[in-house]
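Take a look at the structure set out below.
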Amino acid sequence: MTTAQDAPRRGPKPNPRTRDNLVRAGLAGFHERGFNATGIKEIVDAASVPKGSFYNHFDGKEAFAAEVVDLYFGRGLADMSALLNDASLPPMDRLRAYFERRTESFVAAGFKGGCLMGNLSLEIADHSPAIRERLAAHFRTWAGLFETCIAEAQASGAIATTTPPAVLAAFLLNSWEGALLRMRVEKSDAPLKDFARVVFGSLLV
């Protein structure tokens, strides 16, 4: 017996290009205004598609937001992985370069937006298991790249601390996300510079 839930979705066949346009529009909207302040109408208007197209591609706003998170993290993952896994550079140089580049990008953006993953963590992670799980998975991947660099630095003697690399990597990411929040409030790169000063002057030595 076929139930309403099992029945195929009515309407035109989903267009991958329309889906991609919607996700990109959602990313821009969520990053600029936040999840709750960005309605579906704003998203479909920005993507220049009828409102019905949204529900032809997504079961709802939370499922849509999970894909926005994937797009956001995926956009930067290749470059981040290439830098943090670059064996031609010492591991500590890779880490410094990563945070220096990110700091430069936030300065160029006028300290606006911050990290979308951090923003969504504050705004809706308590209320959406699906989005929380997606965020947690990407944060683990991100911390894992830091962990690899830190483990290599410990093995080479560049870092003397014996604190487990996974613990240091998690602390690094948590501190960075906190510094980004302070950056947005103060409209200054001072919190990011303080982060780097403590991390590379006291923690990872």
- Taking segment 45-64 and keeping residues more than 22 Å from the chain's Cα centre (by Cα) and closer than 20 Å to Leu120 by Cα leaves Asp59
- Message: Report every pair of residues separated by at least 6 positions or lying on different chains whose Cβ atoms are under 8 Å apart, first residue within segment 91-110 and under 13 Å from Ala190 (Cα atoms), second in a helix (DSSP H, G or I) and not hydrophobic (A, V, I, L, M, F, W, C).
- Response: Thr103/Lys193
- Note on the structure: Val69 vs (1) among the β-branched types (Val, Ile, Thr); (2) part of a loop (DSSP other than H, G, I, E, B); (3) under 18 Å from the mean Cα position of the chain (by Cα): all pass except (2)
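Let me confirm something: among Ser121, Ser105, which residue is part of a helix (DSSP H, G or I) and touching a helix residue (DSSP H, G or I) at 6+ places or on another chain (Cβ under 8 Å)?
Residue meeting the stated conditions: Ser121.
Values quoted throughout were computed directly from the atomic coordinates according to the rules given, and no laboratory measurement underlies them. A quick note: this is a predicted structure, and the numbers were derived from the prediction, not measured. Every residue, glycine as well, gets a Cβ built from its backbone with ideal geometry; the counts of neighbours run over all protein chains shown.
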